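What follows is calculated from the coordinates using simple rules that are stated; it is not laboratory data. Note that the structure is predicted; figures quoted are calculated from it, not measured. In this analysis, Cβ positions are derived from the backbone assuming ideal geometry, glycine residues included, and neighbour counts consider all displayed protein chains.
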Amino acid sequence: MNSEAFFQGVEHTGAHAVVQGKSAHAEPLHTRLSKALGQNRLVVTYAYRPGVRRATPEQLFDRHAEIARAHSADWSAAPVVVQKTIDRFPYSFDVPVTTPKGSRPVYPRMLFIRRELLAPGQEPMRVPEPPTTPRVGADEVLLTLPNPWTIGTQ
């Protein structure tokens, strides 16, 4: 296929391409992805270690430490491993990271994230610990921290 045939019906405006008329891509992206997935499954596996911070924000400031770093933080020895099966698009999920009551939150120590496209009947790759569904226990809370990518930009 030559480049003229490939770009026929596509209008380029800056960094975006707008599809004109009847095109094979007139459907939304999530519809095309769902059709392409067919009977296959997309499995997302991720692992992290939850933790706590030993210092207050004021103590971190006095020490010239950084909130988004590992300063004055400890993480659990046992990882939390989660597997999500995605069979439709769009799809989103939360990553609930708990903090023991009375403790200060810290960003989790992310160990890995893996995406696998599996055929019907195919099993995902092995993981270091059996996958779980994170839940907030009686002595735990869900606390929020600022987005580490936007700290200091606002």
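Tabulated data
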| read-out | value |
| --- | --- |
| Cα coordinate range in the range 54-154, projected on the principal axes (Å, largest first) | 56, 33, 21 |
| Point-to-point label distance, Val95-Met125, nm (Cα→Cβ direction, 7 Å offset) | 1.7 nm |
| Under-5 Å amide H pairs with Ser103, H placed in peptide plane, nonlocal only | none |
| Theoretical FRET efficiency, 1/(1+(r/R0)^6), r = Cβ-Cβ of Leu111 and Leu29, R0 30 Å, to 0.05 | 0.50 |
